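Here the structure is laid out as structure tokens; the discussion comes afterwards.
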Amino acid sequence: MSINEASYAYGAAKSSIREIAAYGAARKAQVGAENVYDFSLGNPSIPAPEAVRASMERSLALPATQLHGYTPAAGLPSAREAVAKSLNRRFGTGYGPGDLYLTCGAAASLSISFHALCNPGDEVIVIAPYFPEYRVWIETARATCVEVMADAATFQIDTEAVAAAINERTKAVVINSPNNPVGSVYSAANLQALSDVLHAREEELGTSIYLVADEPYREITYGAEVPWVPSIYDRTIVCYSYSKSLSLPGERIGWVLVPDTNPDHDRLVLAVAGAGRKLGFVCAPAIFQRVIMDCVDEPSDVEAYARNRVALTEGLSKLGYEYIEPQGAFYLWVKALEPDAEAFFEKCKALDLLPVPSDSFGCPGWIRIGYCVSYETIVNSMDAWAKLKAQYEA
Ligand code: PLP
């Protein structure tokens with residue numbers, strides 16, 4: 001049977017995060033949910049705000065043909081206008097509805113962006129450790145995914161390493177702040193240094209390099225300021241999603257922004273629309289377009305994550321674990337107690353602790369603990385973390 005081998009390979013390949021989550025579910029059925037500490041998935045544990053339900057109820061009162069009808073491919077102008085106005089209020093920008101394309105979440109926003117930018121043979125740089133699906137979406141756009149390690153001590157962007165990885169084939173750099181899996185937030189100084197490096201390399205090579213800012217965790221921070229990337233680097237495209245900020249990952253709603261300040265704005269807006277058309281990513285779910293129109297300024301409730309973050313970091317630090325202080329998102333990046341993170345994970349698993357080993361994110365020697373779980377899961381897991389640490393001290 002002749003089918004697309006690349007698609008087959010992606011389908012047949014195991015996603016280790018999903019596998020761990022599936023193992024966790026099976027193990028819970030075996031030994032009781034309260035005895036398994038599943039930190040694998042990034043599924044928000046905070047309910048969506050009440051305003052989401054109220055908006056949906058208002059939509060349900062619309063005539064059915066209006067409620068369920070097609071919207072324009074890029075989304076309802078009123079919804080895009082609401083998003084643009086919100087961004088303008090927050091970042092002092094001058095965006096309009098024509099700069100936005102509504103999508104089924106950041107997954108679609110990123111796929112669209114890579115298809116809008118890349119030609120076969122182009123390279124896209126990702127900062128490792130990185131969200132593993134980037135590689136799939138980059139390769140699907142017929143580009144090559146090039147990993148550049150973050151600074152080993154701070155997990156900020158190693159701008160010199162980025163400069164060294166850039167060549168005439170480099171089309172884009174993807175950054176994700178607040179970061180999955182590390183929880184770091186890139187500082188304004190770090191982003192400025194990246195911007196300087198990109199401009200310098202553009203000039204040397206006579207090329208254009210785009211920055212794709214993937215920002216589903218923008219609203220989930222613990223006091224850190226998340227700089228607005230298009231104000232720092234002109235050739236930026238922003239990918240956003242309400243999966244995390246409004247706890248709506250199953251509803252599939254987000255957007256791509258081509259800022260009016262991007263020097264290639266007019267052609268890029270059409271390339272984004274064309275990529276959406278090519279991929280069949282048109283007309284995001286209408287009811288959720290209306291939800292974001294109504295809820296665009298709804299604050300994210302990060303209190304429960306903040307409480308979990310304190311319980312987890314204090315608990316692990318008392319036990320002597322090393323980790324990167326998380327400034328945003330809901331992940332803790334913890335140093336494995338042996339160099340092989342997969343081997344360390346097996347020891348975690350034997351104690352029913354289920355983090356994700358760092359190899360899944362293109363980086364050796366760490367684990368990711370997703371703390372978008374109940375507070376009790378964190379507190380009750382501490383005995384197991386203590387037992388694990390003791391195994392390495394015996
Ligand atoms: N980018 C990052 C860094 C993520 O962590 C995720 C989901 O976990 C996505 C993109 C995809 O998000 P969405 O659910 O909006 O497709």
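Classify the stretch 50-295 as rounded, prolate or oblate, taking a ≥ b ≥ c as the square roots of the eigenvalues of its Cα gyration tensor: rounded when a/c is under 1.5, otherwise prolate if a/b is larger than b/c and oblate if not. Judged from the Cα gyration tensor, the stretch 50-295 comes out prolate (a/c at least 1.5, a/b above b/c). Peptide packing for 123-130, 280-287 was compared via the average number of neighbouring C-beta atoms within 10 Å per residue; ordered from the highest value, the list is 123-130, 280-287.
For the chain, the residue among 379, 189, 129 whose Cα projects farthest onto the positive side of the dipole built from Cβ charges is 379. Helix 77-91 versus the longest principal axis of the chain: what angle, 0 to 90°, nearest 10, using Cα atoms? Helix 77-91 sits roughly 70 degrees off the main axis of the chain.
Across the stretch 312-322, computed HN-Hα scalar couplings (Karplus, 6.51 cos²θ - 1.76 cosθ + 1.60, θ = phi - 60°) run 6, 5, 5, x, 5, 5, 4, 7, x, 6, 9 Hz from first to last residue, x flagging Gly and Pro. Please name which of 367, 269, 319 has its Cα lying farthest along the dipole of the chain towards the positive end, using unit charges on Cβ (Lys, Arg +1; Asp, Glu -1) and the Cα centre as origin. With unit charges placed on the Cβ atoms, the residue in question is 269.
3J(HN,Hα) along the stretch 8-23: 4, 5, 5, x, 7, 5, 8, 8, 5, 4, 5, 5, 5, 4, 5, 4 Hz, from the Karplus curve 6.51 cos²θ - 1.76 cosθ + 1.60 with θ = phi - 60°, whole Hz, x for Gly and Pro. Charged side chains reduced to their Cβ positions (Lys and Arg at +1, Asp and Glu at -1) give the stretch 204-264 a dipole of some 220 debye around its Cα centre. Each Lys and Arg contributes +1 and each Asp and Glu -1, all at the Cβ; summed about the Cα centre of the chain, the dipole is approximately 980 debye.
Checked against a 20 Å cut-off, the cross-linked pairs 244/318; 349/389; 335/389; 14/171; 349/387; 318/387 give Cα-Cα distances beyond that limit for 244/318; 14/171.
The angle between the Cα long axis of helix 341-350 and the longest principal axis of the Cα atoms of the chain comes to about 60 degrees, rounded to the nearest 10.
Distant-in-sequence amide contacts of residue 128, defined by a placed amide H-H separation under 5 Å and a gap of 5 or more residues or a different chain, comprise 148, 149, 150.
Tell me which of 15, 101, 2 sits at the most positive position along the dipole axis of the stretch 1-128, charges placed on C-beta atoms (Lys, Arg +1; Asp, Glu -1). Positive-end residue among those listed: 101. Cα centroids of the stretch 292-325 and the stretch 150-226: 23 Å apart. Placing +1 on the Cβ of every Lys and Arg and -1 on the Cβ of every Asp and Glu, with no other charges, gives the stretch 72-200 a dipole of roughly 540 debye about its Cα centre.
Computed across the stretch 1-138, the Kirkwood hydrodynamic radius from all distinct Cα-Cα pairs reaches 19.8 Å.
Read-outs throughout are calculated quantities, based only on the coordinates presented, and are distinct from any laboratory measurement. Please read all numbers here as calculations on a predicted model, not as lab measurements. All Cβ positions, even for glycine, are placed from backbone atoms using ideal geometry, and neighbour counts span all protein chains on display.
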